[in-house]
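The values are calculated or read from the model by the stated rules, or taken from the named source; none is laboratory data. Computed from a prediction, not measured in an experiment: that's the story for all the values here. Cβ: placed from backbone, ideal geometry, glycine included. Neighbour counts: every protein chain shown. Protein only, heavy atoms only, side chains kept; ligands, DNA and RNA dropped before computing areas. Shrake-Rupley method; radii C 1.70, N 1.55, O 1.52, S 1.80 Å.
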Amino acid sequence: MANPFMLKAIEQAKKAYEMDEVPVGAVITHEGKIIAAAHNLRETLNQATAHAEVLAIEKACNVLNTWYLTDCDLYVTLEPCIMCAGAIINSRIRSLYFGAYDPKAGACGSVTDVFRIKELNHHVIIYEGIMEQECSSLLTEFFKTKRL
């Protein structure tokens with residue numbers, strides 16, 4: 001069954017794809033409504049930190065006028081990396097929903113699991129593999145074009 005918020009994250013990933021960016025998209029919801037949407041912009045901005053999750057978190061903080069995103073949920077098409085996991089924890093996001101697993105850089109269990117560190121001061125509820133096939137096929141297609 002399609003998740004409407006993950007569908008919006010996939011739309012963002014497709015925007016990244018059209019810009020020749022790695023197709024990762026993210027949306028943040030608050031009270032059941034999307035308050036922020038973003039996609040990877042590392043190549044466009046020449047910034048290592050311009051991941052979809054970080055950009056969406058920045059937008060959500062601006063919308064809510066606070067860095068505490070305790071009542072917010074993040075939907076992202078790819079398992080977050082260590083940097084993004086840290087940003088998710090530090091912004092106090094309530095729940096993370098991700099699509100495709102990232103066997104090279106995933107920080108939700110694929111390579112490491114930052115979210116299971118019990119000593120941290122905030123713990124995020126994780127939902128894995130949401131619309132995994134749709135999310136992973138977009139990435140597979142993108143990287144196929146890079147190998148031609």
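Annotations
- Protection proxy ranking, highest mean first, for peptides 44-53, 79-88: 79-88, 44-53, where packing is the per-residue count of other beta-carbon atoms within 10 Å, averaged.
- Within the listed set Ile34, Ile117, Ile89, the residue fluctuating most in the Gaussian network model of the chain (springs between alpha-carbon atoms under 10 angstrom) is Ile117.
- Entries of Lys14/Lys118; Lys8/Lys104; Lys118/Lys146; Lys15/Lys118; Lys59/Lys104; Lys33/Lys144 with Cα pairs more than 32 Å apart: Lys14/Lys118; Lys118/Lys146; Lys15/Lys118; Lys33/Lys144
- Portion, in percent, of the accessible area of the stretch 1-121 that falls on carbon or sulfur, probe 1.4 Å: 52 percent
- Which of Thr49, Trp67, Thr77, positive extreme of dipole for the chain (C-beta unit charges): Thr49
- Prolate/oblate/rounded label for the stretch 9-125 (Cα gyration tensor, a/c 1.5): oblate
- Cβ-defined net charge surrounding Pro103, 14 Å radius [Lys, Arg +1; Asp, Glu -1]: -4
- Radius 11 Å from Cβ of Lys14, net charge of other residues (Lys, Arg +1; Asp, Glu -1): -3
- Tensor-based shape of the stretch 3-58 (alpha-carbon gyration tensor, a/c under 1.5 rounded, otherwise prolate or oblate): oblate
- Over the stretch 51-96, relative contact order from alpha-carbon pairs under 8 Å, at least 6 apart, %: 50 percent
- Charges were assigned to the Cβ only: +1 to each Lys and Arg, -1 to each Asp and Glu. The resulting dipole of the stretch 17-148 about its Cα centre is roughly 220 debye.
- Low-density loop cleavage sites - GluC sites (Glu not before Pro) in the stretch 60-143, where at most 14 other Cβ are within 10 Å (DSSP): Glu119
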